[in-house]
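All remarks here apply to the structure that follows.
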Amino acid sequence: MLTENIHFYKRASSFYEEKQLIARKALPFIDNKTTMAADSSSTVMELLKLLQDRSDLTLLTNSAEAIHVLAQSEIKVVSTGGELNKNTLSLQGRITKEIISRYHVDIMVMSCKGLDINSGALDSNEAEAEIKKTMIRQATEVALLVDHSKFDRKAFVQLADFSHINYIITDKSPGAEWIAFCKDNNIQLVW
């Protein structure tokens, strides 16, 4: 079971090519008039890099890295504020959740540490999971961006059950069981 809290830059280098591929596959789900929430995951960061020229995009994020990288972009960035977790480069805490609750977005994009058919999307950091849960509640749609290693992988904290997920975007086929599961649960699976 996954409980570790690996530093953002180390996570960013793991499965890097897969993350770039997933980001490109996620682009059609974000049009330039979308309001969007994004978590602080390294996979989502790759998508945000591809959206830098989107002048009509408003982004709500708790990612310190996204705020830094997008500072010179065309995107309107709304920071959640909160306490900085120096390991995950995310803003967390009560203030963060309160700020997120003030907004509604068309789509929330996130990643997770593991996916289990029975347990849903799972994470290793409880504080980060609480922020993501708040973002999910404020979103019309939720896109989960995960590389192939996340399927059938357990982690410490339940983040969301699959009734909250509209899209799962990954780098390769997760197998027949997952394809059937997503179809049965009205989740658009993209690989």
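No lab work stands behind these numbers, since they all come straight from the coordinates. What you are looking at is a predicted structure, and each value in this text was computed from that prediction instead of being measured. Positions of Cβ are backbone-derived with ideal geometry, glycine not excepted, and every protein chain shown enters the neighbour counts.
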- Among (i) 59, 44, 32; (ii) 47, 43, 23; (iii) 42, 32, 31, find the value of Cα extents along the principal axes in Å that was calculated from the structure presented, and write down its label. (iii)
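Order by neighbour count: I95, I75, I100, fewest other Cβ atoms within 10 Å first, most last.
Least crowded to most crowded, the residues run I95, I75, I100.
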- Message: Explain nothing, just the number: relative contact order of the chain, from Cα pairs under 8 Å at least 6 residues apart, as a whole percent.
- Response: 22 percent
- Item | Integer Hz, Karplus 6.51/-1.76/1.60 couplings in order for the range 156-169, x for Gly and Pro | 5, 10, 6, 9, 7, 7, 6, 5, 8, 9, 9, 9, 10, 10
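Okay, helix-only estimate at 222 nm for the chain: each DSSP H run of n ≥ 4 adds -39500 (n - 2.57), divide by all residues, round to 500 deg cm²/dmol; what do you get?
-8500 deg cm²/dmol
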- Could you give the distance between the Cα centres of the range 60-79 and the range 100-119, to the whole Å? 18 Å
- So, over other residues within a Cβ distance under 12 Å of T134, counting Lys, Arg +1 and Asp, Glu -1, the net charge is +2
- Message: For a quick check, take a GNM of the chain with Cα springs below 10 Å and name the residue from E128, E98, E46 with the largest mean-square fluctuation.
- Response: E98
